[in-house]
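Encoded as structure tokens, the structure appears first; notes follow it.
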Amino acid sequence: MTLYRNLTTAALAAVAALSWGVTAKVCIDPGHGGSDPGAVGNGQQEKTNVLNTSLKFKAWLDKDTQDGNGGGSWSIVMTRSTDVDVSLQGRCDIANNNACNRFMSIHNNAASDTSANGTETYSYTAPSTSSDLRDKIQTRMIEAWNRTNRGVKTAGFYVLKYTNMPATLSELAFITNAADSVYTGGSSWQDLAGKAHMFALQNHYGLTAYTPQTAQTYIVDNGGAGFSASSNWFASTSVAGYYGTNYHARATASVSDPAQWTANIATSGSYQIYAWWTAASNRAPSAPYILPNGTTVNVNQQANGGKWNLLGTVSLSAGNQTTKLSCWTTSGYYVIADAIKYYGPN
């Protein structure tokens, strides 16, 4: 009997909390492969479907790890990442030798009766840590694909019996059923299955289901859409190191008259804001940038020209967000409005 499998239901939450003290290492096992196609039906091979689904699952976990705004942190081990043969014992060895915390095997189902359909998920024993993860996978898969709910089950499948960590095996749907095969072979549905398994894993570790966001870069140049300034600002190329085709400049004065860069942010979160300017001795030594949250950041534009300079990290809502550069600073200089970059969420 493998580690954790005979834990009572009352102990499951404690085990999950202890395990989450460090990054959880998850072994993802795409069934079959190489000379073993697995189930076939409706022009599909199980080995291909489950590899695609498993790689999408891994991609979701990688994005979750990179996004610090929610979700979890995961180290991923794959029993296979290409179309190769891996024995059942070999799959167990990969998980055991890497000291994985969880083992999650992905399969398509099949039956000679082509009317058989639906989703079912297995563990070796119940109640156990394995069955807790199994139950959450089943719930999330039914939400994602809305196929017939065939329930959660126990079975002595080799990879469930001989792995040294809580293990599950997902039969996503029947490749031999015409309606189910739309889901098993469809790229967007495979992606939703991967996301469903991520949600299940998050919930299993006591985390609220969280969809990670991939950081985006928004650059607003002074020569493009999103930039605005009054006629007091003029375009120039007299000092090298500008971003794009030119920059705007204005003499300092005791008025605000700001140049503005507006980006339409797709996702709320924490963003880094950078500015680009051209440096010279006649630039303002304390140019006042006003961030979208109202914070003023004074920078020395006599130095650090021709590169991105971090102004600060702020929390932004989705929608239009504007950074401004005022000219109200030390007299006798120029402020340089070139480009602004928003990077996030991170």
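A few points about this structure:
- Condition check for Val297: touching a residue at least 24 places away in the same chain (Cβ under 8 Å) and not assigned by TED's automatic domain parsing to the domain that holds Gly71: no
- Scope region 241-252; condition under 38 Å from the mean Cα position of the chain (by Cα) and surrounded by fewer than 17 Cβ atoms within 10 Å (Cβ to Cβ); matching residues: Gly241, Gly244, Thr245
- Region 272-291, residues that are in a strand (DSSP E or B) and either under 16 Å from Thr329 (Cβ atoms) or modelled with pLDDT under 95 (or both): Ala275, Arg283, Ala287, Pro288, Tyr289, Ile290
- Of the criteria (1) touching a Phe, Trp or Tyr at 6+ places or on another chain (Cβ under 8 Å); (2) more than 27 Å from Leu207 (Cβ to Cβ); (3) part of a helix (DSSP H, G or I); (4) in contact (Cβ under 8 Å) with a residue 24 or more places away in the chain, which one Val182 fails: (4)
- Between Asn309, Asn346, the distinction of being of a type outside the set (Val, Ile, Thr) and at pLDDT 95 or above belongs to Asn309 only.
- Among the conditions (1) within 27 Å of Val40 (Cα to Cα); (2) touching a strand residue (DSSP E or B) at 6+ places or on another chain (Cβ under 9 Å), the only one that Ala99 does not satisfy is (1).
- One residue stands out among those in region 319-329 that are of a type in the set (Ser, Thr, Tyr) and in a strand (DSSP E or B): the one that is nearest to Ser268 (Cα to Cα), which is Thr322.
- Filtering Gly294, Gly306, Gly332, Gly244 for residues that are closer than 26 Å to Asp67 by Cα and in a loop (DSSP other than H, G, I, E, B) leaves a single hit, Gly294.
- Thr245 vs. criteria in contact (Cβ under 8 Å) with a residue 12 or more places away in the chain and within 28 Å of Gly41 (Cβ to Cβ): no
- Qualifying residue in region 203-218 (condition: in a helix (DSSP H, G or I) and under 32 Å from the mean Cα position of the chain (by Cα)): yes
- In region 253-281, the residues that are of a type outside the set (Ser, Thr, Tyr), more than 19 Å from Ala229 (Cα to Cα), surrounded by 14 or more Cβ atoms within 10 Å (Cβ to Cβ) and in contact with a strand residue (DSSP E or B) (Cβ under 7 Å, 6 or more places away or on another chain): Ile265, Gly269, Gln272, Ile273
- Any hit, region 204-215, residues being closer than 21 Å to Gly306 by Cα and not β-branched (Val, Ile, Thr): no
- Entirely in region 13-116, the strands (runs of 3 or more DSSP E) that have 2 or more residues that are closer than 23 Å to Lys153 by Cα and assigned by TED's automatic domain parsing to the domain that holds Asn177: 24-30, 102-109
- Contact map, region 268-284: residues that are not assigned by TED's automatic domain parsing to the domain that holds Asn69 paired with residues that are of a type in the set (Lys, Arg), Cβ distance under 6 Å, separation 6+ or inter-chain. Pairs shown: Tyr274/Lys341.
- One residue stands out in region 134-151 among those that are under 28 Å from the mean Cα position of the chain (by Cα) and among the β-branched types (Val, Ile, Thr): the one that is surrounded by the most Cβ atoms within 10 Å (Cβ to Cβ), namely Ile137.
The values are calculated or read from the model by the stated rules, or taken from the named source; none is laboratory data. These numbers come from a predicted model, not from an experiment. No Cβ is skipped: glycine too gets one built from the backbone with ideal geometry, and neighbour counts run over all protein chains shown.
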